[in-house]
Amino acid sequence: MSEKRKPRVGLFVTCLVDTFRPSVGLATVKLLELAGCKVEVPEKQTCCAQPAFNSGDSKSTRKIATNVIKMFEQYDYVVVPSGSCAAMIKIHYPELFTEGSGFRTRADELADKTYELVSFLSDVMKLKDTGAQFGRKVTYHDSCSGLRELKIHKQPRALLSKVDGLHLEEMADADVCCGFGGTFCVKYPDISNDMVTKKAANVTNSGAEVLLAGDLGCLLNIAGKLQREGSEIEIRHIAEVLAGETHIPAIGETDQ
Amino acid sequence: MANPRGPILSGDQDVRDALLTKIRRTQATDKLDAKRRQAVQERLSNHPRNIVPKRSDGNVDHKVALFTKLMTAADATVEEVSMPSQIPRAVAEFLRAHNLPQRIRFGKDPALTGLAWDQTPSLEVSDGRARVSDETSMGRAFAAVAESGTLVMTSGQDNPTTLNFLPENHVVVVEANRIWGSYEDVWDEIRHHYGDTVMPRTVNLISGPSRTGDIEQRLELGAHGPKRLHIIILNSASKAGSPKE
Amino acid sequence: MESTSRKFSSNAREALGDSQLQRALSNVPSGFVNKRAKAAAALPEFEDLRDKGRDIKNHVLEHLDLYLEAYERRVIEAGGHVHWAASAADAQRIITEICQAHGAKTVTKGKSMISEEAGINAALERAGITPIETDLGEYIVQMRGETPSHLIAPAVHLNKDQIEADFRRVHDHLPKDRVLEEPASLVREAREVLRSKYLAADIGITGANFLIAETGTSVIVTNEGNGDLTQNLPKVHIALASIEKIVPTLEDASTLIRLLARSATGQEISTYTTFSTGPRRLGDLDGPNEYHVVLLDNGRSDMIGTEFQDMLRCIRCGACLNHCPVYQAVGGHAYGWVYSGPMGSVLTPSLIGVDEAGHLPNASTFCGRCEEVCPMRIPLPKMMRHWREREFEKHLTAKSIRSGLKVWNWFVARPELYHRVSGLAAKFIKARAGKRGRVSNLPFAGGWTKHRDLPSPQGKTFQAIWKERQKNG
Ligand code: SF4
């Protein structure tokens, strides 16, 4: 494929990946390039506005969304290594603007070309196999927005099934919320704790050695719980496994 | 109609008018009003069918089989007979099998009162509404629905409603050709039988014996209504119920 | 009913620490979730029926005034009486007056959420009339002086042992040494005790799942058959229903019936679905002599034409409660008023005010499981968000959230500064985490670290790494 015909992808890296786990961003870039994309990262990007949106602050939400639209509408695609941030742009941005308005049209257009990473690789780039190798028993948590707003369920499983040596063991209630919910986990810490405790138990009971998911928020939450409980289970973003970037320490671990 | 007493209360009228006016204001302008009225009128008089599940499509055999399967799954028992004359013995047999007294009550339905009860002399039959002391009652279904395994009982002196609920054991006769595919089929039958927009005082859709899951989600039968529901399908084409003589 | 919704957080904490309650709630997922999934999968038309159900109710809400009029006309034609109640107080007054006109001493009651909402039992008691709940779950919560904790399983918060203790306490006329080991023996005892109550009752009060405009019919749905004994044995039947229960035709009711039981309990249809039209007819051997319908508004007409109108499609199936991880964690009573779970989180603020019930729409992760299973396709998370918007506008949002958000939004609008600060935060937390790779407590993050560790950032931000990479080409 000539350089010119490669689709230009704007990477929306998300604030959590940016601050907590840049390796997920790098794995994302690697996967996108493997799939034949040219990746660019607008440097002024910050947050997708979920905190404001979910707190009912529609004015600030609209302001932030307007900036994101302006920054990303130049690309062929916008790819996000998170179901919930992708859903924010894909599902909720259009709802912020009145029908028929200029920004509504621009939000609709952006929504049409915005994807969560794994579904983009499978559904748009038709990538079947990332050529990675990972000889471990893993389980996969479906994060809520990805699963229910973007209907991501088969794609990660299909790509994981091609990872050399990997064995997927489904946990019970893989589709039930882990209790993160953005500000929810600090507003209602006890309920959130109950939910993540149940999730951690399901992860443990699956017998898997590694937990994977597509959203860093959920992963930090579940990792924090499992590790507080003294669990040895390794926790990673799915992009790291698909990209073969599993030599770096897993979430909440160091190589020291 | 019994007891045509006027409303005992006054003053609701103002509430009514205020409420209707308020709703109307949110929904209608004067121009729209005629259109809205027409839409409502048409829907009420045409009562169009929505989506009717296909699972009950098929001939009588299919409907009988589906009805039986679903009723059985809902903890009722079902048997088929091919002639009305077999019904009294089937009833007596049901009572015997469950160690129940040979006593049964039904309404004034000629299809039940006219059965050959003299064939089962030890079986005591009486008619009327249900009494608390009744252990077993009997009724004849107006129709049934194959789609969900459901009996349709209509009220009246032929089949008083209390018989459907008060006794612990309930035997119901339904003719195979009265087992329709869907609820919608039955509504058309009721309209045909009672007249458009007229319903019997009570129509009971019954799908199995009474049950509750209110204690720890564990299913228990016979919560308030019958603990046992036995259905006798009168099916002249039935092989299963061919005469035993 | 007095609300404790303001205390949702502490209600929830108490509920989480209540081991009896937690044991009882653990029955919810296995009892309901799997059965619903099976029933939905067994009917190929199920998803289309959901669309239809939504459309039917939307059509009704757009023409509600006309359908109410049509319905009223048919009830009167059939010999029934229609009463209009604007408020709970109106409904209480109307029902009490009917009871008094008949010199009623006891009334039996079928399960009805609207009766809970309107406080009918308390009103009857004030008038010296004894209300007796007949649905087993309702009967149990009534004898405990509690309210139902679930739309269709009122006693889902209780275990068998607790119920046994209540039966022994209240049914003190029965032998003390009787065996009540199994749920079956409790069910039998309730059946026998309630039998005489049905027969003695002067009036039976039920709710209504649907009111059919075409025929002037009220419909109740039960599994126990208690509603039928309630409405058939006494001389008078009163059906209390809120105005949005109207459906146009028998066909429309059929569509909703196909959705209701499958969504609620996973049954094909509930055991008893009863259509009642007017009082007993000439020649009838049983049935009530009088039939009254009380139509209650109680704030619903205020929802029409607002962003909360969709909530009026609710058919009270309880699926959203059953599938809600928050409901599963804390149960129904924590919500502090009649309705709980996602539907309660949307409806309660409409009915008792968002300043009273403001917690409820906030106590959600927006996981979307409720909307996924709601047979009427009510966008529950979206409506909870609408409540949050109203709270934000009215400055009801918690101060800490508001000011935190302000700071965050300020940074988000200033990318250079944002990146500098996130870079610092990454370094700071990593330093604190040290060799462990995670921190167990962190200033300003107590809500998080009270229950879990915070995994450490890797140290550099993605933006910083990317910049270097671009520079080094
Ligand atoms: S909101 Fe939907 S799921 Fe919840 S009770 Fe109402 S109809 Fe059922």
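The values are calculated or read from the model by the stated rules, or taken from the named source; none is laboratory data. This structure is a prediction, so every number in the text was calculated from the model and none was measured. With ideal geometry, Cβ positions are generated from the backbone for all residues, glycine too; neighbour counts draw on all protein chains shown.
May I ask you to verify whether residue B:134 is assigned to a loop (DSSP other than H, G, I, E, B), among the charged types (D, E, K, R) and touching an Asp or Glu at 6+ places or on another chain (Cβ under 9 Å)?
Details: assigned to a loop (DSSP other than H, G, I, E, B): yes; among the charged types (D, E, K, R): yes; touching an Asp or Glu at 6+ places or on another chain (Cβ under 9 Å): yes.
Spelling it out, residue B:134 is indeed assigned to a loop (DSSP other than H, G, I, E, B), among the charged types (D, E, K, R) and touching an Asp or Glu at 6+ places or on another chain (Cβ under 9 Å).
Restricting to the stretch A:20-58, name every residue that is among the β-branched types (Val, Ile, Thr), within 7 Å of chain C (Cβ to nearest Cβ) and surrounded by fewer than 24 Cβ atoms within 10 Å (Cβ to Cβ).
So in the stretch A:20-58, the residues among the β-branched types (Val, Ile, Thr) come out as A:24, A:28-29, A:39, A:41, A:46.
From what's left, within 7 Å of chain C (Cβ to nearest Cβ): A:41, A:46.
Hit for the stretch A:20-58 is A:41, nothing else.
Just give me the residues in the stretch C:57-68 being facing chain B (nearest Cβ under 7 Å) and over 13 Å from residue C:217 (Cα atoms), in sequence order.
Result: C:62, C:63, C:64, C:65, C:66.
Would a scan of the stretch C:238-247 turn up a residue that is at the interface with another protein chain (Cβ under 7 Å from one of its Cβ atoms) and not aromatic (Phe, Trp, Tyr)?
Within the stretch C:238-247 (the criterion being at the interface with another protein chain (Cβ under 7 Å from one of its Cβ atoms) and not aromatic (Phe, Trp, Tyr)), the answer is no, since none of the residues qualifies.
For the stretch A:159-172, check the following and say yes or no: at least one residue is in contact with a helix residue (DSSP H, G or I) (Cβ under 9 Å, 6 or more places away or on another chain) and assigned to a helix (DSSP H, G or I).
Yes.
Taking the stretch C:91-138 as the region of interest, how many residues are assigned to a helix (DSSP H, G or I), within 20 Å of the chain's Cα centre (by Cα) and among the basic types (Lys, Arg)?
The number of residues fulfilling the criteria is 0.
Considering the stretch C:428-466 alone, what residues qualify as being out of contact with any helix residue (DSSP H, G or I) (no Cβ under 7 Å at 6 or more places or on another chain), within 7 Å of another protein chain (Cβ to nearest Cβ) and closer than 16 Å to residue A:17 by Cβ?
Scanning the stretch C:428-466 gives a single hit, C:466.
Given the options C:255, C:274, name the one that is facing another protein chain (nearest Cβ under 7 Å) and assigned to a strand (DSSP E or B).
From the options C:255, C:274, the qualifying one is C:274.
Only one of these conditions is not met by residue C:141: (1) part of a loop (DSSP other than H, G, I, E, B); (2) under 24 Å from residue C:4 (Cβ atoms); (3) out of contact with any Lys or Arg (no Cβ under 9 Å at 6 or more places or on another chain); (4) more than 16 Å from the ligand (Cβ to nearest atom). Which number is it?
Going through (1) part of a loop (DSSP other than H, G, I, E, B); (2) under 24 Å from residue C:4 (Cβ atoms); (3) out of contact with any Lys or Arg (no Cβ under 9 Å at 6 or more places or on another chain); (4) more than 16 Å from the ligand (Cβ to nearest atom) one by one, residue C:141 breaks only (1).
Look at residue C:266 and say whether it is assigned to a loop (DSSP other than H, G, I, E, B), at pLDDT 95 or above and facing chain B (nearest Cβ under 7 Å).
No; evaluated as a whole, the condition is false for this residue.
I'd like to verify a number: residues in the stretch A:37-76 that are in contact with a helix residue (DSSP H, G or I) (Cβ under 9 Å, 6 or more places away or on another chain) and acidic (Asp, Glu), how many?
Residues flagged as in contact with a helix residue (DSSP H, G or I) (Cβ under 9 Å, 6 or more places away or on another chain) and acidic (Asp, Glu) within the stretch A:37-76 amount to 3.
Every residue in the stretch B:91-120 that is surrounded by fewer than 15 Cβ atoms within 10 Å (Cβ to Cβ) and of a type in the set (Gly, Ala, Ser), please.
B:97, B:114, B:116 - these are the residues of the stretch B:91-120 that are surrounded by fewer than 15 Cβ atoms within 10 Å (Cβ to Cβ) and of a type in the set (Gly, Ala, Ser).
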